[in-house]
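To start, the structure under review is shown below, and the notes come after it.
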Amino acid sequence: MNLILVALGGALGAVCRYGLSFLPVSSSFPFATFLTNIAGAFVMGLVVGLSEEMKLLSPNATLFWKVGVCGGFTTFSSFSLETVRFVDRQEYGLALVYSFGSVFCCLIALMCGRYVVARMGGLR
């Protein structure tokens, strides 16, 4: 049952993310991605508040929204929640290491992936 909830929520999140790519914005700044990350973090905050603090969402509904919809929409919402949880526990050093480390390591990993493809002759 959990896999079905995550799959259905993930599909909904992915479709919503794709829909945002049609925003009529022409700019060199990636506004659609920027807005997606902000919206995903906001929805994650709503879900956590409704499920953990107010106890209004069932575990199944929480799984659907938190892992499925938010995960399919953007994993940045999960990253944001995990960072805030470090701050809530007053683990500021871990929050800094996790947030800056995640951004830095992901940028490096993306460049490494592109490098591998370039070495295979895929990028020009």
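Accessible surface comparison of M111, M120, M44, probe 1.4 Å, protein chains only, largest first: the order is M120, M111, M44. Residues in segment 37-119 average 65 Å² of solvent-accessible surface per residue, probe 1.4 Å, ligands and nucleic acids excluded. Each stretch of four or more DSSP H residues adds -39500 (n - 2.57); spread over every residue of the chain, this sum gives -22500 deg cm²/dmol at 222 nm. Here the calculated FRET efficiency for L56 and L20, from their Cβ-Cβ distance with R0 = 30 Å, stands at 0.65, rounded to the nearest 0.05. In this structure S28 has an accessible area near 130 Å², from a 1.4 Å probe over the protein heavy atoms. How much of the accessible area of segment 67-124, probe 1.4 Å, is carbon plus sulfur, in whole percent? Within segment 67-124, the accessible surface is 71 percent carbon and sulfur. Every pair of different Cα atoms in segment 60-100 enters the Kirkwood calculation, which places the hydrodynamic radius at 10.8 Å. The eigenvalues of the Cα gyration tensor, multiplied by 5 and square-rooted, give the chain an equivalent ellipsoid with semi-axes of 28, 21, 15 Å from largest to smallest.
The values are calculated or read from the model by the stated rules, or taken from the named source; none is laboratory data. Fair warning: this is a prediction, and the values are worked out from it, not measured in the lab. Counting neighbours? That spans all protein chains shown, and the Cβs are built from the backbone with ideal geometry, glycine included. Just the protein is used for accessible areas: all its heavy atoms, side chains included, with ligands, DNA and RNA removed. Shrake-Rupley method; radii C 1.70, N 1.55, O 1.52, S 1.80 Å.
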